[in-house]
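See structure below.
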Amino acid sequence: MNEANRIDLLLVEDNPQDLELTLRALRKANLSNLKIARDGAEALEYVFCEGPHTGRKITDAPKVILLDLKLPKVDGLEVLRRIKGDPRTKSIPVVVLTSSREQRDIVESYQLGVNSYIVKPVNYERFAAVVRDLGLYWLLLNQPLNGD
């Protein structure tokens with residue numbers, strides 16, 4: 001794996017306010033080696049090294065993906081389905097970070113193999129704490145399958 005090309009976190013978020021709050025919380029926790037995708041199609045292109053990302057190697061996968069469900073072009077559940085359905089990418093931890101509390105979204109996410117499902121808190125301080133804790137857990141504490 002080429003560490004120079006390694007992105008720790010892929011943030012898939014289309015809402016500008018949620019994106020800014022998430023980025024601010026991650027920076028405060030000194031978690032800044034990240035890539036942003038603003039829709040599901042862009043996320044899939046990045047993960048599967050397609051389109052503008054054809055120069056990447058699929059083995060240079062992010063350590064974790066924070067995925068919103070309500071996305072333009074390709075929705076989050078389809079992004080999750082594609083990532084977890086491909087043997088090359090299924091071990092990448094995916095955390096759904098969404099405003100949806102709908103039971104069918106939660107059930108389908110877990111059936112597709114999501115690693116965690118978090119509903120975005122409305123309160124900024126709580127939202128920032130959740131994002132910080134997610135980043136610290138998945139990037140610093142969690143032991144990935146490949147032993148990185």
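None of the figures in this text is laboratory data; all of them are computed from the coordinates on show. Keep in mind the model is a prediction, meaning the values are calculated, not measured. Note: ideal-geometry Cβ built from the backbone for every residue, glycine included; neighbour counts use all protein chains shown.
Under the 0.36 nm per residue contour assumption, what length would be gained going from the current alpha-carbon distance of Ile36 and Glu125 to full extension?
In short, 29.8 nm is gained.
Ranked from highest to lowest mean number of other Cβ atoms within 10 Å per residue, what is the order of the peptides 111-123, 29-41, 68-80? Intermediate values should be presented prior to the final figure.
On the way: 111-123: 15.3, 29-41: 17.3, 68-80: 20.4.
Highest mean packing first, the order is 68-80, 29-41, 111-123.
For the stretch 3-133, give the magnitude of the charge dipole about the Cα centre (Cβ charges: +1 Lys/Arg, -1 Asp/Glu; no others), in debye to the nearest 20.
Working: 21 positive and 20 negative charges, 66 e Å.
My answer is approximately 320 debye.
Which distance in nm do the two modelled labels at Asn142 and Lys70 give, with both placed 7 Å along the Cα-to-Cβ direction?
Here the modelled spin labels are 2.4 nm apart.
Before rounding to the nearest 500, sum -39500 (n - 2.57) across all DSSP H runs of length at least 4 in the chain and divide by the residue total; then give [θ] at 222 nm in deg cm²/dmol.
Mean residue ellipticity, 222 nm, calculated: -10500 deg cm²/dmol.
If the cut-off is a Cα-Cα distance under 25 Å, which lysines reach Lys84, setting aside same-chain residues fewer than 8 apart in sequence?
Lys35, Lys57, Lys63, Lys70, Lys73, Lys120
Leu19 versus Gln103, label points 7 Å from Cα toward the beta carbon: distance in nm?
With each label placed 7 Å out from Cα toward Cβ, I get 3.4 nm.
Rounded to whole Hz and in sequence order, give me ³J(HN,Hα) for the stretch 86-94 from the Karplus expression 6.51 cos²θ - 1.76 cosθ + 1.60, θ = phi - 60°, writing x for Gly and Pro.
Per residue, the Karplus-derived 3J(HN,Hα) values read 10, x, 6, 10, 5, 8, 5, x, 10 Hz.
Given points 7 Å out from each Cα along the Cα-Cβ axis, report the Ser116 to Arg88 separation in nanometres with one decimal.
2.8 nm
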